[in-house]
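Have a look at the structure below, then the notes.
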Amino acid sequence: MKLVHKIILGNVLGIVTIVLIAFFSYHEVKLIQAKLRFVEIADNLNASFLEMRLSEKNYFLYNDPLALQSIKKELQESEQMIRSMRENIITAVGTENFKKLNSNLKRYGKEVEKIDGKNTKVLEAGIREAGRALRMFSESIIKLERNKVNQIISASSKGLLYFFCLVLFVATTSTYLFFSKIFKSLRQIEKTANSISEGNFLETECKISNDELGSAMQAINSMCVELKTRHEQLIQSKKLASIGVLTAGVAHELGNPLNNISMVAQTYTELYDELNKSERLDYMNTVLEECSRIKDIVQNLLDFSRPKKTDFKVSDINTVIKNSLRLVQNMLHVSGVETGLNLQKELPMVYIDENKIQGVLVNLYTNAIQAMPPGGTLSIRSFFENDSGHIMIEIEDTGTGISPEFISNIFDPFFSTKGTQGTGLGLSISYGIIKNHQGEIRVKSDVGAGTTFTIELPVYTAKEDMDEWSQHYGN
Amino acid sequence: MSGHSIMVIDDENIVGKMIKATFQKEGYEVETFLHAKPAFERLKEREFDVVITDLKMKDIDGMEVLNTIKQEFPNTKVIMITAFASMDASIEAFRKSADDFFPKPIKITELKDCIKRLLNG
């Protein structure tokens, strides 16, 4: 059922309940009104009966003929009142009681008829008996009706209280159920949206309800599918662009040594007769050197395109940092570069291929040393970052820095700011290695102030998890 | 003997070395530079008839070298060379009035003919 239908149904039920309560209350008030009306009539009758009984006493005690007339008058008025109020009395006390009242009154009337100016003990006893019976009956039904009115009021107030409790309970429960369902769906939507913003274009697996929230979830799911497709297309086009960059890079990298060999060969042929033995050897050695340069480029290219099998193990990153620093000790010394080590003690272990991470570090140290004039400082920091749960390694130099326009390209294959000194593959290989470790590598640079590379590596958690990861990413 | 002077700017050491060996034999005076900055310094001291410059260099872009030489020494002929040969690069080089454009690998005989043509024409 759609939310809008649920809301309409809820409102309709609410209105129906209010109408029922109003109807119930109206009915009860009407009943009380009828009862009170009767009590009023009965009070009047009772007053008349009392009057009749007083006159009755006067008649028999003082033989007052006016008293008899007064009885007849009251009797007549009472009969008239009962007749005119017949419907009201029947509604209030029922036909049975009405008949009893009427017969009691008639009996009294007959006793009064019997007197007819006489005054005997027998007549007095008869009329007194009938009068007492009439008054007792009328008083008893008044008492009964007053009790009934009290009962109705009490029952009505209880009924209204129960009704109110029921309405409150139903309203609270249905509101809770209604909103908890909405909030559950909204949480699901929020979770999916967060997951999308993190780059996971996974469709939600929860059951999709047949309402507006379900439609929203469905829209998000189809957005996920679309984003995933677009993302894959983007990756594909980036791959194609990389191939373009790679091809251009290969052409340029190989073009130079090929040109050198070609030029040496042409010059060698042309100057052959004029060259002495050592010069000829020198020319041929140049050819061999250029061939070796081509071989190195090809080897680097192979390493780049087909990473060697990785060998993951639990390691202490600080040991790896220190070992890799030893490898560039000579270079540091020759270049006159100082080192500053700031390694956090007792860091959590990492699960890495030590050789590969060492390769990445040596590559970054080498770049830093080459970017610095003598007297520069290479600072290496390691620490654990609580927020991300990652080990951070920072390699900072005080070198020339990288121009902002080059920053976005520095991890691209064959991108180099070192001219013939570099193949432009070092950082792109390093980037691939860190990505294979589920890590991140970032760069921050200020021209003239220096460059900082930051490597983020996940800490070692459980071996089985890592084994699985190694199977996925390690080959 | 020619008596003409040639300057070679290329960060590939061998290019300059081979051009020097070939053209010295032909009677040219050849000076080679690995970077553009020292080459500019030298140009302030003396003029060259021909400058052969690489398009892609570490310190200064070859196009900048071409612009500067054409502005300051309009009589000097400039030949561009590059391993990064593309149509766009050659068009831009000619638009900026380079006298010729050689993709690597360079054919030395063609380079000789070109220089002779430029100096005699």
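General observations
This table checks each residue for (1) more than 19 Å from A:I152 (Cβ to Cβ); (2) among the charged types (D, E, K, R); (3) modelled with pLDDT under 85.
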{"residue": "A:N11", "(1), (2), (3)": "yes, no, no"}
{"residue": "A:N63", "(1), (2), (3)": "yes, no, yes"}
{"residue": "A:V93", "(1), (2), (3)": "no, no, yes"}
{"residue": "A:S103", "(1), (2), (3)": "yes, no, no"}
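- Helices (runs of 4 or more DSSP H) contained in the stretch A:1-117 and holding at least 3 residues among the hydroxyl-bearing types (S, T, Y) and surrounded by 15 or more Cβ atoms within 10 Å (Cβ to Cβ): A:3-62
- You will find that of B:F33, B:F48, the residue that is buried (at least 20 other Cβ atoms within 10 Å of the Cβ), under 22 Å from B:R117 (Cα atoms), at pLDDT 90 or above and not basic (K, R) is B:F48 and no other.
- Test for A:G376: is it closer than 22 Å to A:A449 by Cβ and surrounded by fewer than 18 Cβ atoms within 10 Å (Cβ to Cβ): no
- For the stretch B:1-15, residues that are facing chain A (nearest Cβ under 10 Å) and surrounded by 14 or more Cβ atoms within 10 Å (Cβ to Cβ) total 5.
Results for (1) aromatic (F, W, Y); (2) assigned to a helix (DSSP H, G or I), shown as yes or no for each residue.
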site: A:F183; (1), (2): yes, yes
site: A:S195; (1), (2): no, yes
site: A:K207; (1), (2): no, no
site: A:M217; (1), (2): no, yes
site: A:C224; (1), (2): no, yes
site: A:T229; (1), (2): no, yes
site: A:A265; (1), (2): no, yes
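- From the list B:E29, B:E12, the one residue that fits, being touching a residue at least 40 places away in the same chain (Cβ under 8 Å) and either out of contact with any helix residue (DSSP H, G or I) (no Cβ under 8 Å at 6 or more places or on another chain) or within 14 Å of B:T82 (Cα to Cα) (or both), is B:E12.
- Here A:L234 fits the description: free of Cβ contacts under 8 Å to residues at least 24 places away in the same chain, away from every other protein chain (no Cβ under 14 Å), out of contact with any Phe, Trp or Tyr (no Cβ under 7 Å at 6 or more places or on another chain) and part of a helix (DSSP H, G or I).
- All told, B:V78 meets the bar of being within 12 Å of the chain's Cα centre (by Cα) and modelled with pLDDT of 90 or more.
- Filter pass, A:S262 being over 50 Å from the mean Cα position of the chain (by Cα) and away from chain B (no Cβ under 14 Å): no
The values are calculated or read from the model by the stated rules, or taken from the named source; none is laboratory data. No experiment lies behind these values; they were computed from the predicted model shown. Using ideal geometry, Cβ is built from the backbone for each residue, glycine included, and neighbour counts are taken over all protein chains shown.
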